[in-house]
Amino acid sequence: MSLNIPDFSRYSKTQKDQVLGQAIGLPATMALYSFIGAAVTSATIVIFGKAIWDPVDVLTRFNNPVVLVGAMLALCLATLATNIAANVVSPANDFANLAPRFISFRTGGLITGLLGILIMPWYLVANAERYIGWLIGYSALLGPIGGILIADYFVYRRRRLNLIALYDENGEYRFSGGISWIALFALFIAIVPNLPGFLATIKVLPVDSINPIFMTLYSYAWFVGFAIAFVVYLGARMISPSPANVRSPAPTLEVKS
């Protein structure tokens, strides 16, 4: 949600609205959800004698049919709402923007759903160790992406966005033929330290052949990738500045009603 929140905050009328909405909506609710998950799993140890982290498995142990049906309906609704908000809107927009003439937002959502089936999510959630491994694995990619975005917008461009250039085929955001090679370079460098740990986790390489330092780094893959990408991108961008004078104020648009 930290990376695809612009899919929602783009509709905010003011900067204050999106800051307030995120401050109230994200940290508090996610902390509450995490607490409930930990509390319920801990309670299953006392009640059932073993840790049950799958909520569906927990619900099947209730004997009251009213409670069971109500809880399952609530779980289905929560799963559907969460997946639409966190996992469908962003890629659906990406696919739609990839080929707007042929792919609508709805078609992008259907493509996302199809790809979601092909990656076999039931295999990933079969046990907690496999699921956590999956989370760490793709956080090794998301961390560097977040580091590059924040370094570019908040530090290098000092929160100045040239709105007109976003729609200009020859604008400053086109970089080299539409590709920011510096961003790709920072992404690659940030992924490399986490790669050995990832390969060991998916059993491509034996764990014994990996230096323990790399396994430790992989445990903090998101933070390691974020920090390296942040520093490398800024350093490379200082050596090879963006073609446009990005530190000059972006042009303003006068809107008349």
(request) Looking only at segment 107-131, count how many residues are aliphatic (A, V, I, L, M) and outside any helix (DSSP H, G or I). (result) 4
(request) Mind listing just one residue for me: the one in segment 56-67 that is in a helix (DSSP H, G or I) and either touching a helix residue (DSSP H, G or I) at 6+ places or on another chain (Cβ under 6 Å) or β-branched (V, I, T) (or both) and, of those, surrounded by the fewest Cβ atoms within 10 Å (Cβ to Cβ)? (result) V66
(request) Check off (1) exposed (fewer than 13 other Cβ atoms within 10 Å of the Cβ); (2) hydrophobic (A, V, I, L, M, F, W, C); (3) within 19 Å of T201 (Cβ to Cβ) for L124 and give me the number that stays unchecked. (result) (1)
(request) Report, by residue number, each residue of segment 132-181 that is touching a residue at least 40 places away in the same chain (Cβ under 8 Å) and either in a loop (DSSP other than H, G, I, E, B) or touching a Cys at 6+ places or on another chain (Cβ under 6 Å) (or both). (result) R157, R158, R160, L161, N162, G171, F175
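Each row is one residue, and each column tells you yes or no for (1) under 21 Å from the mean Cα position of the chain (by Cα); (2) within 20 Å of P121 (Cβ to Cβ).
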residue: K13; (1), (2): no, no
residue: A31; (1), (2): yes, no
residue: T44; (1), (2): no, no
residue: W53; (1), (2): no, yes
residue: L80; (1), (2): yes, yes
(request) Output the residue which, of all residues in segment 182-228 that are in a loop (DSSP other than H, G, I, E, B) and within 18 Å of L135 (Cβ to Cβ), is nearest to the chain's Cα centre (by Cα). (result) Y220
(message) For segment 57-101, which positions are of a type in the set (V, I, T) and touching a residue at least 60 places away in the same chain (Cβ under 8 Å)?
(response) V89
(message) For segment 208-223, give me the residue count where each residue is closer than 17 Å to P144 by Cα and either among the charged types (D, E, K, R) or crowded, with 22+ Cβ neighbours inside 10 Å (or both).
(response) 2
(message) Looking only at segment 1-49, filter to residues that are within 22 Å of A92 (Cα to Cα), hydroxyl-bearing (S, T, Y) and part of a loop (DSSP other than H, G, I, E, B); which one of those is modelled with the highest pLDDT?
(response) S12
(request) Tally the residues that are without any contact (Cβ under 8 Å) to a residue 40 or more places away in the chain, among the aliphatic types (A, V, I, L, M) and over 29 Å from F185 (Cα atoms), restricting the search to segment 112-131. (result) 6
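The values are calculated or read from the model by the stated rules, or taken from the named source; none is laboratory data. Because the structure is a prediction, the values reported are computed rather than measured. Here the Cβ is made from the backbone with ideal geometry for all residues, glycine too, and neighbour counts use every protein chain on show.
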